[in-house]
Amino acid sequence: MLPPTSRRVPEHTMEEVNQRIQREMEERVARYRDASPEEIDHRLRELDHEWDTERTLEANAATLAFTGSALALTSDRRWAWLPLVVTGFLFQHALQGWCPPLPIIRRLGFRTIHEIDRERQALRALRGGFRRSAPSAPRSDVAEERFAGAAAR
(Lines give C-alpha, C1' and ligand atoms only; values in the text may rest on other atoms or scores of the structure.)
Protein backbone atom coordinates (compact mmCIF):
# COMPACT_ATOMS: atom_id res chain seq x y z
CA MET A 1 0.00 0.00 0.00
CA LEU A 2 1.27 3.44 -0.92
CA PRO A 3 1.70 6.06 1.76
CA PRO A 4 -0.95 8.80 1.54
CA THR A 5 1.52 11.33 0.12
CA SER A 6 2.26 9.00 -2.84
CA ARG A 7 -1.42 8.77 -3.75
CA ARG A 8 -2.26 12.46 -3.61
CA VAL A 9 -1.25 13.52 -7.11
CA PRO A 10 -2.92 10.58 -8.94
CA GLU A 11 -6.05 11.04 -6.80
CA HIS A 12 -6.24 14.66 -7.96
CA THR A 13 -5.58 13.83 -11.61
CA MET A 14 -8.25 13.01 -14.17
CA GLU A 15 -8.51 9.24 -14.56
CA GLU A 16 -7.95 9.39 -18.31
CA VAL A 17 -4.63 11.19 -17.71
CA ASN A 18 -3.59 8.60 -15.10
CA GLN A 19 -4.49 5.80 -17.52
CA ARG A 20 -2.52 7.43 -20.36
CA ILE A 21 0.55 7.81 -18.13
CA GLN A 22 0.21 4.17 -17.03
CA ARG A 23 -0.30 2.92 -20.61
CA GLU A 24 2.73 4.84 -21.90
CA MET A 25 4.87 3.39 -19.14
CA GLU A 26 3.70 -0.15 -19.91
CA GLU A 27 4.48 0.41 -23.60
CA ARG A 28 7.99 1.66 -22.77
CA VAL A 29 8.67 -1.35 -20.57
CA ALA A 30 7.34 -3.70 -23.27
CA ARG A 31 9.78 -2.19 -25.80
CA TYR A 32 12.65 -3.22 -23.51
CA ARG A 33 11.63 -6.88 -23.14
CA ASP A 34 14.20 -8.00 -25.71
CA ALA A 35 16.70 -5.22 -25.04
CA SER A 36 20.25 -5.83 -23.94
CA PRO A 37 21.26 -5.05 -20.34
CA GLU A 38 23.23 -2.07 -21.68
CA GLU A 39 20.14 -0.63 -23.38
CA ILE A 40 18.14 -1.09 -20.18
CA ASP A 41 20.93 0.57 -18.18
CA HIS A 42 20.78 3.53 -20.57
CA ARG A 43 17.01 3.86 -19.97
CA LEU A 44 17.56 3.60 -16.21
CA ARG A 45 20.04 6.48 -16.42
CA GLU A 46 17.44 8.50 -18.33
CA LEU A 47 14.93 7.81 -15.55
CA ASP A 48 17.45 9.12 -13.01
CA HIS A 49 17.23 12.49 -14.75
CA GLU A 50 13.47 12.61 -15.36
CA TRP A 51 11.70 15.46 -13.63
CA ASP A 52 8.80 14.34 -11.47
CA THR A 53 5.67 16.39 -10.70
CA GLU A 54 7.01 17.72 -7.39
CA ARG A 55 10.27 18.97 -8.88
CA THR A 56 8.41 20.54 -11.80
CA LEU A 57 5.93 22.33 -9.52
CA GLU A 58 8.72 23.57 -7.25
CA ALA A 59 10.88 24.82 -10.13
CA ASN A 60 7.98 26.59 -11.81
CA ALA A 61 6.83 28.15 -8.53
CA ALA A 62 10.34 29.35 -7.73
CA THR A 63 10.77 30.83 -11.21
CA LEU A 64 7.45 32.67 -11.10
CA ALA A 65 7.97 33.87 -7.52
CA PHE A 66 11.45 35.14 -8.33
CA THR A 67 10.25 36.83 -11.52
CA GLY A 68 7.33 38.49 -9.73
CA SER A 69 9.59 39.67 -6.91
CA ALA A 70 12.17 41.07 -9.31
CA LEU A 71 9.49 42.87 -11.32
CA ALA A 72 7.90 44.25 -8.14
CA LEU A 73 11.26 45.61 -6.99
CA THR A 74 12.42 47.01 -10.33
CA SER A 75 9.33 47.81 -12.35
CA ASP A 76 5.98 48.06 -10.62
CA ARG A 77 5.09 46.92 -7.12
CA ARG A 78 1.80 45.50 -8.38
CA TRP A 79 3.85 42.52 -9.59
CA ALA A 80 4.06 41.48 -5.92
CA TRP A 81 0.76 39.64 -6.40
CA LEU A 82 2.53 36.99 -8.53
CA PRO A 83 4.79 35.54 -5.80
CA LEU A 84 1.88 35.67 -3.36
CA VAL A 85 -0.37 33.64 -5.66
CA VAL A 86 2.35 31.19 -6.63
CA THR A 87 3.45 30.50 -3.07
CA GLY A 88 -0.21 30.11 -2.12
CA PHE A 89 -0.56 27.44 -4.82
CA LEU A 90 2.57 25.70 -3.58
CA PHE A 91 1.26 25.73 -0.02
CA GLN A 92 -2.10 24.39 -1.21
CA HIS A 93 -0.27 21.55 -2.98
CA ALA A 94 1.70 20.77 0.18
CA LEU A 95 -1.51 20.49 2.20
CA GLN A 96 -3.90 18.92 -0.29
CA GLY A 97 -1.79 17.35 -3.02
CA TRP A 98 -3.47 19.56 -5.61
CA CYS A 99 -3.01 23.04 -6.99
CA PRO A 100 -4.19 24.76 -10.21
CA PRO A 101 -1.02 24.05 -12.26
CA LEU A 102 -1.08 20.31 -11.45
CA PRO A 103 -3.62 19.24 -14.12
CA ILE A 104 -1.52 20.99 -16.78
CA ILE A 105 1.70 19.40 -15.56
CA ARG A 106 0.08 15.94 -15.53
CA ARG A 107 -1.39 16.41 -19.03
CA LEU A 108 2.11 17.29 -20.21
CA GLY A 109 3.15 13.81 -19.03
CA PHE A 110 5.05 14.57 -15.84
CA ARG A 111 4.91 11.57 -13.52
CA THR A 112 5.15 11.18 -9.79
CA ILE A 113 8.34 9.79 -8.32
CA HIS A 114 6.41 6.60 -7.53
CA GLU A 115 5.34 6.21 -11.17
CA ILE A 116 8.94 6.68 -12.30
CA ASP A 117 10.12 4.13 -9.71
CA ARG A 118 7.59 1.57 -10.97
CA GLU A 119 9.12 1.78 -14.44
CA ARG A 120 12.59 1.58 -12.90
CA GLN A 121 11.66 -1.61 -11.00
CA ALA A 122 10.16 -3.25 -14.08
CA LEU A 123 13.28 -2.45 -16.12
CA ARG A 124 15.58 -3.80 -13.40
CA ALA A 125 13.55 -7.00 -13.40
CA LEU A 126 13.95 -7.26 -17.19
CA ARG A 127 17.68 -6.67 -16.86
CA GLY A 128 17.87 -9.45 -14.31
CA GLY A 129 18.39 -7.32 -11.22
CA PHE A 130 15.79 -9.34 -9.31
CA ARG A 131 16.74 -12.78 -10.62
CA ARG A 132 17.87 -13.96 -7.19
CA SER A 133 14.25 -14.07 -6.08
CA ALA A 134 13.07 -16.16 -9.07
CA PRO A 135 16.09 -17.82 -10.76
CA SER A 136 14.12 -20.17 -13.00
CA ALA A 137 11.64 -17.61 -14.32
CA PRO A 138 12.25 -15.96 -17.70
CA ARG A 139 13.17 -12.26 -17.58
CA SER A 140 9.83 -11.08 -18.94
CA ASP A 141 7.90 -13.14 -16.36
CA VAL A 142 9.93 -11.65 -13.52
CA ALA A 143 9.38 -8.13 -14.91
CA GLU A 144 5.64 -8.70 -15.26
CA GLU A 145 5.49 -10.05 -11.71
CA ARG A 146 7.37 -7.01 -10.34
CA PHE A 147 5.32 -4.64 -12.49
CA ALA A 148 2.04 -6.18 -11.31
CA GLY A 149 3.21 -5.99 -7.70
CA ALA A 150 4.17 -2.35 -8.08
CA ALA A 151 0.87 -1.54 -9.79
CA ALA A 152 -1.07 -3.09 -6.92
CA ARG A 153 0.59 -0.75 -4.45
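Take region 80-122 and flag every residue that is in contact with a Phe, Trp or Tyr (Cβ under 7 Å, 6 or more places away or on another chain) and of a type in the set (A, V, I, L, M, F, W, C). Answer for region 80-122, where residues must be in contact with a Phe, Trp or Tyr (Cβ under 7 Å, 6 or more places away or on another chain) and of a type in the set (A, V, I, L, M, F, W, C): CYS99, PHE110, ALA122.
Got a sec? Which helices (runs of 4 or more DSSP H) wholly within region 101-153 have at least 2 residues that are of a type outside the set (Ser, Thr, Tyr) and modelled with pLDDT under 85?
In region 101-153, 139-152 are the helices (runs of 4 or more DSSP H) which contain 2 or more residues that are of a type outside the set (Ser, Thr, Tyr) and modelled with pLDDT under 85.
Has region 7-16 got at least one residue that is at pLDDT below 95, open to solvent by 90 Å² or more (accessible area, probe 1.4 Å) and part of a helix (DSSP H, G or I)? Yes, region 7-16 contains a residue that is at pLDDT below 95, open to solvent by 90 Å² or more (accessible area, probe 1.4 Å) and part of a helix (DSSP H, G or I).
Of the residues making up region 82-102, those that are open to solvent by 50 Å² or more (accessible area, probe 1.4 Å), in contact (Cβ under 8 Å) with a residue 24 or more places away in the chain and within 21 Å of the chain's Cα centre (by Cα) are PHE89, LEU90, GLN96, TRP98. For region 25-45, the set of residues classified as charged (D, E, K, R) and in a helix (DSSP H, G or I) consists of GLU26, GLU27, ARG28, ARG31, GLU38, GLU39, ASP41, ARG43, ARG45, listed by residue number. Being without any contact (Cβ under 8 Å) to a residue 24 or more places away in the chain, among the polar types (S, T, N, Q) and either assigned to a helix (DSSP H, G or I) or surrounded by 11 or more Cβ atoms within 10 Å (Cβ to Cβ) (or both) is the filter here, so list the residues in region 46-81 that pass it. Across region 46-81, the qualifying residues are THR63, THR67, SER69, THR74.
The values are calculated or read from the model by the stated rules, or taken from the named source; none is laboratory data. Just so it is clear, the structure is predicted and the values come from calculations on it, not from any experiment. Glycine gets a Cβ as well: all are built from the backbone with ideal geometry, and neighbour counts include every protein chain shown. SASA here: full protein model, heavy atoms, side chains in, ligands and nucleic acids out. Shrake-Rupley method; radii C 1.70, N 1.55, O 1.52, S 1.80 Å.
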